[in-house]
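Each remark here refers to the structure printed beneath this line.
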Amino acid sequence: VSLVAFSLLSKSVTPGIDLGDLEKSRSRINLDLPKTEECPINGGMFTTIERDIWESRRPITAMIENHADSRPPSGLSKADVVYEAVAEGGITRFLAVFYCGVAAEEVKIAPVRSARVYYIDYASEYADKPIFMHVGGANNYSGSGDTAKDARALETLETLGWRYARGNDFDTTYDSGFPVFWRNYERLEHAVATEHTMMVSIDATYEEAAKRNLGAKDEEGNSWDEDFVSWKFSEDKPHSPSAGSISFKFWDNRSDYDVEWKYDVSSNSYLRFNGGKEHTDLEYDNKQLSAKNVVILFAKERGPVDRNGHMLYTTVGTGDALIFQNGQVIEGSWEKDSRVARTKFLDNDGNEITFVKGITWIEIVPAGNEVSY
């Protein structure tokens with residue numbers, strides 16, 4: 001009885017929305033066409049039609065949660081690059097970058113959650129004003145002082161000039177609603193807390209961005225990628241795996257968030273497991289999440305810095321890194337010169353790493369944690 005009542009109430013949260021229509025994906029192009037065009041974000045190969053679509057847009061960077069109760073996510077397999085770090089309490093959250101992988105069809109992503117300052121630093125690599133999607137964030141608007149000054153994400157967005165009416169900061173609690181954002185209490189077909197229910201339409205986001213003069217160029221004619229620095233890319237070069245399984249913890253005693261990546265020789269990619277289970281994409285028939293490159297970025301962890309449990313991670317500077325690709329590991333380092341600078345990955349000789357073309361995951365792991373492979 002409670003579940004039925006919950007379902008009826010959920011349908012009234014956003015009146016007039018036909019979830020059935022929203023959940024029908026539409027293919028834009030014939031995906032069997034030759035893939036001749038390289039994505040500037042991750043080097044993946046796409047059709048000419050897809051390139052024409054993404055070249056009219058700028059990247060979307062979106063906060064997607066990974067709370068165990070919210071799994072599986074929707075649309076995460078369509079991201080070009082994914083960053084994972086702890087949001088608080090050992091619970092991780094993703095910053096997903098969408099650009100090339102969402103050109104072929106309408107993609108819906110979920111569940112979208114709140115922002116943290118260190119994710120903003122990584123989003124800043126994808127344009128002076130990338131589309132930044134979230135639902136609120138760490139802040140001190142109540143004046144209580146509960147949130148440490150250097151952890152206040154919403155104030156940071158204001159300082160950067162992102163958070164203003166009809167700006168590039170798409171926050172459902174601030175300026176965006178349906179059809180960009182909406183709550184779907186039935187996505188997982190069982191009752192979940194409200195904070196796990198926010199969905200986003202990528203197409204609707206781009207339509208709204210165009211109205212805000214946030215297409216590929218701004219109202220002054222400046223292209224989003226004028227200062228963008230692309231990584232280097234190469235074709236698949238699979239080897240007999242010497243690093244066939246990668247496993248690590250973010251925090252002790254939080255096994256639901258332990259990660260394992262297993263190398264799949266047939267696809268020359270790594271398959272993701274989270275909390276001991278296959279990590280899948282609900283929107284695409286529970287397809288297991290995968291990556292051509294898995295990067296372990298060791299960052300200095302500080303916190304909790306306030307009684308809300310907020311954490312901070314070093315994003316600017318240098319540190320150690322492990323880069324997994326082609327079934328092997330490269331020991332090296334990372335460097336990021338400023339908030340807007342591109343994070344670069346170097347081998348032990350100081351040469352920039354060349355990534356295998358395709359999806360890349362960057363795991364921001366507390367420095368000193370052990371990684372087994």
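Results, tabulated for the structure shown:
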{"item": "Solvent-accessible surface (1.4 angstrom probe) belonging to Leu76, in square angstrom, nearest 10", "result": "0 Å²"}
{"item": "Surface per residue (accessible, 1.4 Å probe) for the chain, Å²", "result": "42 Å²"}
{"item": "Dipole of the chain, positive direction: furthest Cα of Phe355, Ala148, Tyr126, with charges on the beta-carbon", "result": "Ala148"}
{"item": "Amide H contacts under 5 Å for Ala115, placed H, 5+ residues apart", "result": "Val135, Gly137, Ala138"}
{"item": "Volume per residue of the C-alpha convex hull in the range 58-112, rounded to whole Å³", "result": "69 Å³"}
{"item": "Magnitude of the charge dipole, the range 191-295, Cβ model with Lys/Arg +1 and Asp/Glu -1, debye to 20", "result": "540 debye"}
{"item": "10 Å beta-carbon shell around Phe273, net charge (K/R +1, D/E -1)", "result": "0"}
{"item": "Debye, to nearest 20: dipole size of the chain, +1 on Lys, Arg Cβ, -1 on Asp, Glu Cβ", "result": "440 debye"}
{"item": "The range 289-363, Rg to Rh (Cα coordinates; Rh as Kirkwood inverse mean 1/r)", "result": "1.04"}
{"item": "Once the Cα gyration tensor of the range 82-238 is diagonalised, semi-axes √(5λ) in Å", "result": "24, 21, 19"}
{"item": "Inter-centroid distance (Cα atoms) of the range 76-119 relative to the range 244-275, Å", "result": "17 Å"}
{"item": "Sulfur and carbon atoms: percent of accessible area, the range 151-309 [1.4 Å]", "result": "43 percent"}
{"item": "Directionally averaged shadow of the range 35-133, computed from the convex hull of its alpha-carbon atoms, nm²", "result": "6.3 nm²"}
{"item": "Charge dipole (the chain, unit charges on Cβ, about Cα centre) - positive-most of Ser245, Gly309, Trp162", "result": "Gly309"}
{"item": "Accessible area of the range 39-145 belonging to carbon and sulfur atoms, whole % at 1.4 Å probe", "result": "46 percent"}
{"item": "Heavy-atom accessible area ranking, 1.4 Å probe, most first, across Asp285, Asp236", "result": "Asp285, Asp236"}
{"item": "Karplus-derived HN-Hα couplings along the range 176-185 (A = 6.51, B = -1.76, C = 1.60, θ = phi - 60°), whole Hz, x at Gly and Pro", "result": "10, x, 5, x, 6, 10, 7, 9, 10, 6"}
{"item": "Under the Karplus curve 6.51 cos²θ - 1.76 cosθ + 1.60, θ = phi - 60°, whole-Hz ³J(HN,Hα) for the range 362-372, x wherever Gly or Pro sits", "result": "10, 9, 8, 9, x, 4, x, 5, 8, 10, 9"}
{"item": "With eigenvalues of the C-alpha gyration tensor scaled by 5 and rooted, the chain, Å", "result": "29, 25, 23"}
{"item": "Theoretical ellipticity at 222 nm over the chain - DSSP helices of four or more residues, -39500 (n - 2.57) apiece, nearest 500", "result": "-3000 deg cm²/dmol"}
{"item": "Cleavage-rule hits (GluC sites (Glu not before Pro)) in the range 88-190: DSSP loop, at most 13 neighbouring Cβ within 10 angstrom", "result": "Glu189"}
{"item": "Residue of Lys357, Lys149, Lys292 that the Gaussian network model of the chain assigns the largest fluctuation, springs spanning Cα pairs under 10 Å", "result": "Lys149"}
{"item": "Environment charge at Ala153 (Cβ cut-off 11 Å; Lys +1, Arg +1, Asp -1, Glu -1)", "result": "-3"}
{"item": "Bins of 5 Å from zero: percent of alpha-carbon pairs in the range 151-304", "result": "2, 6, 10, 12, 13, 16, 18, 14, 7, 2, 0"}
{"item": "Entries in Lys78/Lys262; Lys262/Lys344; Lys108/Lys211; Lys262/Lys336 that, when Cα-Cα distance is taken, lie over 22 Å", "result": "Lys262/Lys344; Lys262/Lys336"}
{"item": "Under 5 Å, built H, 5+ apart or other chain: amide partners of Asp320", "result": "Phe298, Trp334"}
{"item": "For Thr47, net neighbour charge (Lys/Arg +1, Asp/Glu -1) across residues whose Cβ lies under 12 Å away", "result": "-2"}
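The values are calculated or read from the model by the stated rules, or taken from the named source; none is laboratory data. These figures come from a predicted structure and were not determined experimentally. Here the Cβ is made from the backbone with ideal geometry for all residues, glycine too, and neighbour counts use every protein chain on show. Calculation scope for accessible area: heavy atoms of the full protein, side chains included, ligands and nucleic acids excluded. Shrake-Rupley method; radii C 1.70, N 1.55, O 1.52, S 1.80 Å.
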